Amino acid sequence: MKTLLAWFSSLMFACTMHGNALAAEGGTPEEAVAMVKKAVAFTKANGKDKALAAFNDPKGAFVDRNLYIFVYDLKGTNLAIGNGNAEKMNGKNLIEMKDVDGVYLIKQIIEIANTKGSGWIDYRWPNPGNNLIEHKTSYIEKLGDMVIGCGTYKTK
């Protein structure tokens, strides 16, 4: 009986740890803000060209789990994205891009940047971790003629 109880306790502990690990896979809103602040500071210290190269590196310092930096100019052209899609997206004007509910993501990002300087945008987006459309929130900050952002999927 003691062996069975010990085995069951170990199993429950392992399941709890696995569940905690899964919950920790995604970044938090606070971590998204911190990453944007880090990216803004890096850009100020190293210049735009070096910063954009760093932000486009999917294995670099500006990617952490499902958190990555994205950058747009104020006309809606993608300048950097750390999720591995830089080749497909960089240099493309995505001002008309919408989420599944018709939210104009880039238009709203630019509006927030131009009116408030920084803030949050909420939308629904495919989560590559599970292929489901989920609620996502992104924090953005305007820096000169660019908008630097980072998003995370919302937990229930």
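The values are calculated or read from the model by the stated rules, or taken from the named source; none is laboratory data. This structure is a prediction, so every number in the text was calculated from the model and none was measured. For neighbour counting, all protein chains shown are included, and Cβ atoms are generated from backbone atoms with ideal geometry for every residue, glycine included.
Residues considered: Ile69, Ile81, Ile148. Of these, the only one that is in contact with a Phe, Trp or Tyr (Cβ under 8 Å, 6 or more places away or on another chain) and over 17 Å from Pro29 (Cβ atoms) is Ile81. The set of residues in segment 107-130 being more than 20 Å from Val36 (Cα to Cα) and assigned to a loop (DSSP other than H, G, I, E, B) consists of Pro128, Gly129, Asn130. Residues in segment 38-51 that are without any contact (Cβ under 8 Å) to a residue 60 or more places away in the chain and surrounded by fewer than 18 Cβ atoms within 10 Å (Cβ to Cβ): Lys38, Ala41, Ala45, Asn46, Gly47, Asp49, Lys50.
If you go through segment 107-156 and pick out every residue that is surrounded by 13 or more Cβ atoms within 10 Å (Cβ to Cβ) and at positive phi, you end up with 1.
Picking from residues in segment 9-37 that are surrounded by 15 or more Cβ atoms within 10 Å (Cβ to Cβ) and of a type in the set (Gly, Ala, Ser), the one that is modelled with the lowest pLDDT is Gly26.
Residues that are in a strand (DSSP E or B), farther than 25 Å from Lys154 by Cα and in contact (Cβ under 8 Å) with a residue 24 or more places away in the chain within segment 63-78 comprise just one, Asp73. Set side by side, the residues Lys92, Lys142 differ, and just one is free of Cβ contacts under 8 Å to residues at least 24 places away in the same chain and within 21 Å of Ala53 (Cα to Cα), which is Lys92.
Restricting segment 52-106 to residues that are more than 13 Å from Val36 (Cα to Cα) and of a type in the set (Val, Ile, Thr), the residue that is surrounded by the most Cβ atoms within 10 Å (Cβ to Cβ) is Ile106.
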